[in-house]
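The values are calculated or read from the model by the stated rules, or taken from the named source; none is laboratory data. None of these values were measured; they are calculated from a predicted model. Ideal geometry is used to build each Cβ from the backbone, glycine not excepted, and the neighbour counts take in all protein chains shown. Accessible surface areas use protein heavy atoms only, side chains included; no ligands, DNA or RNA. Shrake-Rupley method; radii C 1.70, N 1.55, O 1.52, S 1.80 Å.
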Amino acid sequence: MPTRARAEEAMQDGVEVLFLDGVGEVAITVGRNGLSVQPLHPELVSTCWSSITLQPKLDSKIKFSDVYAIEMLDKGPICGPWRTAIQGKKNIEMHRFVVHGITRRRKHPSPWVPCEYIFGHKDLKICKDWFERLILCINNEGVRPKNLMVFVHPLCGKGRGVRNWETVSPLFVRAKIKTKVIVTERAGHAYDTLSSLSDIELKAFDGVVAVGGDGLFNEILNGILSSRHKVSYPPTPEGFGYVGSNDNCEEQTRNWINSSIPTPDSGNAMFPGNSSKCDDQEPLLSTSHPTGLEIPSSNSTKEPCIGDQDNLVAFPNDWFRLGIIPSGSTDAIVLSTTGERDPVTSALLIILGRKVSLDIAQVVRWKSSPTAEVLPTVRYAASFAGYGFYGEVIRESEKYRWMGPARYDFSGTMVFLKHRSYEAKVAFLETPYTHSLTASAEDDITGAQPLQSRWKKPRKVICRTNCSVCKEASTSRQNSEDVSENSRTLCENQKWVWSEGRFLSVGAAIISCRNERAPDGLVADAHLSDGFLHLLLIRDCPLPLYLWHLTQFTKKGLDPLSFKFVEHHKTPAFTFISTHDESVWNLDGEMFQASEVSVQACRGLVNLFASGPEV
């Protein structure tokens, strides 16, 4: 059919005919979820499209959910199909607008790649009309951020944080997102800035983004939650003995089954100083340095009034989100929540406003050492809390800061060869919703017989995009109409189980903790928002067996938790007691000195700019 006839037919059907760069004439219509694009010369599209570097393979529909920006361009050339000449020319000067979207690679579809579709028309008014119409369409695509606070760690990954931000910042400019960029100057800079903000100042932003590693994210997390997460301490076993630690079983149980309900008595202490320093992490170090932050809000100098609930920012909530642009040594949080350690993919997820809920571990230190006074101190962790081997690796690495990221490998080897075990008692909360895979006390824990030979383990359900397990957990929380009755039932059914002896390590994974050296993570089937911790107790065993256990993490599909000296408990809370000054805790890569702690999972406490690991 001749070109003019095709165009006339399209116009009669209410379809606009524009020129698409590299394709030629196309008929476009706006649908409910996207822009339908039909080339008028489909036989020529494949010939010319392979030469266009920034454009993806043309689909019949450009989804609005995959469009991150639309811009008007200056008048310029539009390239047509190579084998045809439009009015005797290959290129025509036209008024233009560009649709910026995302595409995925064919062989490895997880990373997102920016792409662009350049449309043109001889009539400037038609271009402007389409530009304004499409802007309205993408503005209706969920809640996309308009104003973000960004912390950039200048030292992580030998300057990778700064380089990554320079790479992705044009994407935020193109999407018309305002960013308040703060390059951290010292340990605790991000924590001090966020903890000192009033709620009105914080509400001027749609979220906070960390350009760095898991340690910087941990600092941001603690800075935000330190004064805004209003719940009681984690539940503790009977006889633990601290005042206020287990006075109200019903109230404590409600903390982990429905963490979205704040209580008036927070009990949250401010965080003490921490002198640990890593090149990809900034530890919490409260100082009196001014933040120097200018808040883009007309009423930023007005403090919230006492009792004015509209100005208070409490967690969890539906609107505030945290983001990470990976630039650290392991980036376990990004790999566990997006499946990709790619700065551009993470930036696009932030711009498009993708959101997942994330469980957070609340860690309460009762004593810093066995002889210290009881002084509860609260910290939060997003990925992992570990004692023994994991804590000693962080402490040992401080001696070799000059080695850069390689110091973690060196320190890990040194700690492994020392093969120290630690005397401790651990009590975990067993409920009808938990499962445990442990060796019995009568078993020879020095053996390596997998547990599968004695018990049939439940089928693993891996957390993915639109995870059914996380959705079910979220729905059960939202549909809980009578929280008191639910809490009372759970309190009656809960049971504290003690495990004591000598352990090589005690750890709790909140998420899978995937990284490049452990592709399945520490716990392959840990979920982002199901309200549970995965408690891992590694009992003392011969060095070769411990090496065998550790090497199981390095390959996909293996099961490092199947050894008889490994206890794996899925639990909402646990308490740890050590009688000696022996090791430290590792919270997302930050050292935390504590001999007695209680830990609980706060279900869906924060929202993360992510979509879940794609299949």
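With a ≥ b ≥ c taken as the square roots of the eigenvalues of the C-alpha gyration tensor of the stretch 320-429, please select rounded if a/c is under 1.5 and otherwise prolate if a/b is larger than b/c or oblate if it is not? Because a/c hits 1.5 or more and a/b fails to exceed b/c, the stretch 320-429 counts as oblate.
For the stretch 533-578, the relative contact order is 54 percent, taking Cα pairs closer than 8 Å that sit 6 or more residues apart in sequence and dividing their mean separation by the residue count. Among 370-376, 408-414, 565-571, sorting by the average number of other beta carbon atoms lying within 10 angstrom of each residue, highest first, gives 565-571, 408-414, 370-376. Relative to the current alpha-carbon distance between residue 75 and residue 312, full extension at 0.36 nm per residue lengthens the span by 80.5 nm. The length gained on full extension between residue 238 and residue 124, counted as 0.36 nm times the residue separation minus their Cα-Cα distance, comes to 33.5 nm. Legend: distances between Cα atoms for 63/570; 125/146; 180/399; 367/556; pairs beyond 32 Å are 63/570; 180/399; 367/556. Residue 399 contributes about 130 Å² of solvent-accessible surface, heavy atoms of the protein only, 1.4 Å probe.
Available extension along the chain between residue 471 and residue 178 is 102.3 nm, counting 0.36 nm per residue and deducting the alpha carbon span.
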